[in-house]
Structures are given as structure tokens and as C-alpha cells.
1. Need pairs with beta-carbon distance below 7 Å; first residue in contact (Cβ under 8 Å) with a residue 40 or more places away in the chain and farther than 21 Å from residue 12 by Cβ and within the range 75-88, second surrounded by 24 or more Cβ atoms within 10 Å (Cβ to Cβ) and among the charged types (D, E, K, R); sequence gap 6+ or separate chains.
2. Filter the range 182-220 for residues that are touching a residue at least 12 places away in the same chain (Cβ under 8 Å), under 18 Å from residue 111 (Cα atoms) and polar (S, T, N, Q) and give the result.
3. Could you name every one of the strands (runs of 3 or more DSSP E) located completely within the range 206-316 that has at least 3 residues being assigned by TED's automatic domain parsing to the domain that holds residue 110 and touching a helix residue (DSSP H, G or I) at 6+ places or on another chain (Cβ under 9 Å)?
4. Under 8 Å between Cβ atoms, at least 6 apart or on separate chains: pull out the pairs that start in the range 134-146 with a residue that is among the charged types (D, E, K, R) and end on any residue that is surrounded by fewer than 17 Cβ atoms within 10 Å (Cβ to Cβ).
5. When the range 161-181 is examined, which residues are found to be assigned to a strand (DSSP E or B), of a type outside the set (A, V, I, L, M) and either without any contact (Cβ under 8 Å) to a residue 40 or more places away in the chain or surrounded by fewer than 17 Cβ atoms within 10 Å (Cβ to Cβ) (or both)?
6. In the range 9-22, is there at least one residue being farther than 18 Å from residue 123 by Cβ, at pLDDT below 95, in a loop (DSSP other than H, G, I, E, B) and hydroxyl-bearing (Ser, Thr, Tyr)?
7. Picking from 235, 230, which residue would you name as being touching a residue at least 60 places away in the same chain (Cβ under 8 Å) and surrounded by fewer than 23 Cβ atoms within 10 Å (Cβ to Cβ)?
8. Anything in the range 71-86 that is part of a helix (DSSP H, G or I) and either polar (S, T, N, Q) or crowded, with 24+ Cβ neighbours inside 10 Å (or both)? List them, or say none.
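The values are calculated or read from the model by the stated rules, or taken from the named source; none is laboratory data. It should be emphasised that the depicted structure is a prediction, and the values quoted were computed from it without experimental measurement. Glycine gets a Cβ as well: all are built from the backbone with ideal geometry, and neighbour counts include every protein chain shown.
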Amino acid sequence: MSVQASPASPPVRRVLLLAHTGRVEARDVARAFVKALASHDIRVRALADEAADLGLEPADVDIAVDEVSAAVDCELAIVIGGDGTVLRAAEITHDHGTPLLGINLGHVGFLAEAEPDAVDATVGAIVDRRYTSEERLTVDVAVFRDGELVSSTFALNEASVEKAARQRMLEVVVEVDGRPLSRFGCDGVVCATPTGSTAYNFSAGGPVVWPSVEALLMVPISAHALFARPLVVAPSSVLAVEVLARTEGAGVLWCDGRRTVDLPPGARIEVRRGARPVRFVRLHEAPFTDRLVAKFGLPVQGWRGAVDVQRRTLDA
């Protein structure tokens, strides 16, 4: 007598939810996502403190034991908040390579993909897997003191070396690919990725670099020097900033504005292309130019490019 095997159950689909729960709108949007995804048999995982802030029980969401394992087996992470929340999500998911889908509740939201009023459309794209992911270059950052490695981390946007005290200028020597480039006093030095080119790098006067360009950026902040220009170097280059040993000014390293390391005189910071990129979910293929115009509110009135293209097409 033969026994017919029962059909295997489909694998459970699971997404991680990370939200800026200090904002009422973020809490409302997060709960809407949980309810909508559950109706399509997609489980949501949340950090314990965020689940409590949202008023969700274990019956509603899977509770993550800790941040280290929160993204395990999640096909993507829905991130509800501003760019700061996305940077926190990148930190939590970095080791697992989980794609991030940002829902913008911030002021600019360069890292976000969707708006909070599009919950149904976004859930539909997730359910039907109508999305792609793109990789963004990161940097690995190492801090040395007396030749000894004392700290290492990564950054999605930038690693910035800054003066620790307002009244003290930071004296540094900057280096590219093992060769000294210039020495100057400054408020700091930003080492950024193309993704971070529209963040701190932009505020410091650095260039905007399209995300598809693989490069590293170095931008001095308020440098007292004849040559202290923004630099764009190859992605294989290694950038270094040395805080001069014979100086009264100490510094501090900030990575993505979230993680800090104190830098005494003599400290050396090395920045190189990261071993692991961060992945972002894309729901549609919008040109980066359009994103710049929308996020910065750039004036484009009077542009006739589309008219010219249409005319040339009709005349062909």
C-alpha cells in the first residue's frame, strides 16, 4: 500500500519592520503595514522595544531577540522614518545584506523609496515581488593609535574626522594611496561614498556624485590651506587622515553620525571601500536626476527637453 505524501507547505515569508516610533505618524504607518502584510500571510518581525511602542503583541509580530539577529531570514526590511532611521537600519542589517525599503517621514529622505500615503501600493509590490534591489558602496573605517588597531566599523554615508573642541583647530595630514597629499588646520575632513555625497559631504561643499558611480570622496571642512579642495578618487584607493601628534587639538570620528571614536593627537584613520555593500529596494526606475530635483526642490521651469525630443520623434 502506497502512502501519498502531503504537499509541502510554502515557506514563510518574513520582513523586518524598523520605525521611528517617537513620531505619531510613523507609528500609524507601521501598524498599517503590519495589518496589510498579515492579510497576505507575510510575517513581520520587530524589535521588542518598537513592538511595545506600537502596541503590538507576539500574536501580531515576531519579536526579535536582539538587533544582531533581527534581520535573519527576512527578505527585506521596511524602514519608516527619515534618513537617520534608514542609517540605523543599515547598521542593524549590514551583516545580513538585507535590502532596505525606506518609507519617507523625514525632511529630505534621500535614502527613502516610498511615501507614507502609498502603503497599499507598496504592500502590493512586496506581495507580488515587483521590486528590485541595488547595491550601494560602503566604506570600512579603521582607527589606529601607535600603529595598533583600536577600532573598526563601516559607514554608508560618510566617515568624518572632526575637531573635538570648538576653540581648537584640528591639525591633520591627509593621504591618498599611501602618499601624503597635504597638511592643514581645519574643522574636519569628510570621507564619503556616492550615497553620502548628498549628506554631510554636500553641506561641506563637496560634489554630488551619482550612486552608480563607484568612487570615494574626501572633503576638508573649513581648511586653512591654499590647496584643500574636494577630491574624488578611485574606489580602490585608500584614504587616510592623521591627527598630528604635536598638536593641542584632539578629534572625534563620526560614522554616519551614529558611531563615534575619540581621536587623540597621533591617531590615524584609514578609509577604504567596504567589503559588504548595503542594498536598497527599488519599486520603480526613477532617474537620480529626478530624485535630486524632487528632494532639493530645484527650479526646472522653462526646460524644453521633452518638447524637443517629441518634436524630433514626430519629424523622423
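1. Note: pairs meeting the criteria are 87/256.
2. Applying the first criterion (touching a residue at least 12 places away in the same chain (Cβ under 8 Å)) to the range 182-220 yields 182-201, 204-220.
Remaining after also requiring under 18 Å from residue 111 (Cα atoms): 192-201, 207-214.
Result: 193, 195, 197, 198, 201, 212.
3. Once the strands (runs of 3 or more DSSP E) in the range 206-316 are filtered for at least 3 residues that are assigned by TED's automatic domain parsing to the domain that holds residue 110 and touching a helix residue (DSSP H, G or I) at 6+ places or on another chain (Cβ under 9 Å), nothing remains.
4. 134/282; 140/152; 140/275; 145/264; 145/266; 146/266
5. Within the range 161-181, 179, 180 meet the criteria.
6. Looking for residues that are farther than 18 Å from residue 123 by Cβ, at pLDDT below 95, in a loop (DSSP other than H, G, I, E, B) and hydroxyl-bearing (Ser, Thr, Tyr), one finds at least one in the range 9-22, hence yes.
7. Details: 230 fails: touching a residue at least 60 places away in the same chain (Cβ under 8 Å).
Within the list 235, 230, the selection yields 235.
8. Residues satisfying the conditions are 85, 86.
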